[in-house]
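Asks: Following this message is one structure expressed as structure tokens.
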Amino acid sequence: MNENLFTSFTTPVILGLPLVTLIVLFPSLLFPTSNRLVSNRFVTLQQWMLQLVSKQMMSIHNSKGQTWTLMLMSLILFIGSTNLLGLLPHSFTPTTQLSMNLGMAIPLWTGAVITGFRNKTKASLAHFLPQGTPTPLIPMLVIIETISLFIQPMALAVRLTANITAGHLLIHLIGGATLALMSISTTTALITFTILILLTILEFAVAMIQAYVFTLLVSLYLHDNT
């Protein structure tokens with residue numbers, strides 16, 4: 001067992017070369033495109049899930065917002081697949097890195113905000129000052145609304161990083177406790193092992209939910225600006 005709890009979050013390296021690029025590109029191999037008239041069950045299930053999520057997420061958008069459908073569906077597939085791959089033994093989860101999550105959140109948020117200022121300039125500027133605000137409070141409210149706007153991508157990235165990292169740390173701690181208790185008390189070790197299995201199942205759900213939440217919040221930001 002690793003002495004450092006955060007060893008599993010370090011970037012994997014082979015022969016001095018970082019493997020982050022290969023790991024980030026690997027999930028795309030899990031979603032093949034069928035060339036047959038009748039698709040197999042895996043591709044059919046994949047297409048059904050994409051249609052279900054896209055219909056639920058993009059139904060609130062107008063024609064301009066629906067042009068982002070392909071990007072948002074690619075985003076939820078990428079985040080979900082990398083989160084799930086990170087639950088495999090001796091693997092690496094790119095979404096535990098705040099820098100990578102910021103690299104996804106900032107461009108998407110920036111694109112949504114720029115779209116809003118281009119298409120709905122007055123409405124976008126009106127968000128900085130609620131209607132009926134007393135005159136002495138105008139400067140303070142403008143500053144607060146500006147800060148809340150710029151903190152949105154940070155909130156997106158930190159939420160994803162914190163949830164995935166916390167789950168991995170809990171699995172690591174409970175797994176280490178189970179190994180340590182095997183030589184002390186078999187009954188207690190079985191109890192902690194049962195908790196570990198339940199936590200792992202929960203982490204599979206969290207991996208998918210966090211991918212959906214991240215993409216849904218980007219979609220809501222886009223909806224506010226289109």
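Asks: Taking the solvent-accessible surface of protein heavy atoms with a 1.4 Å probe, what is the per residue accessible area of the stretch 7-225 in Å²?
Replies: 61 Å²
Asks: Normalised radius of gyration for the stretch 129-226, please: alpha carbon Rg relative to 2.2 N^0.38 Å, two decimal places.
Replies: 1.75
Asks: Do any trypsin sites (Lys or Arg not before Pro) in the stretch 71-158 lie in a loop, going by DSSP, with at most 16 other beta-carbon atoms within 10 Å of their beta carbon, and if so which?
Replies: LYS120
Asks: If you don't mind, another one. What is the packing order of peptides 200-208, 154-162, taking the mean over residues of other C-beta atoms within 10 Å and listing the highest first?
Replies: 154-162, 200-208
Asks: Take peptides 164-171, 179-186 and line them up by average Cβ neighbours within 10 Å, highest first, as a rough protection proxy.
Replies: Answer by packing, highest mean first, reads 164-171, 179-186.
Asks: Among 210-221, 133-144, how do they line up by average Cβ neighbours within 10 Å per residue, starting with the highest?
Replies: Descending mean neighbour count gives 210-221, 133-144.
The values are calculated or read from the model by the stated rules, or taken from the named source; none is laboratory data. Computed from a predicted structure; not experimentally measured. With ideal geometry, Cβ positions are generated from the backbone for all residues, glycine too; neighbour counts draw on all protein chains shown. Ligands, DNA and RNA are excluded from the accessible area calculation, which covers all protein heavy atoms including side chains. Shrake-Rupley method; radii C 1.70, N 1.55, O 1.52, S 1.80 Å.
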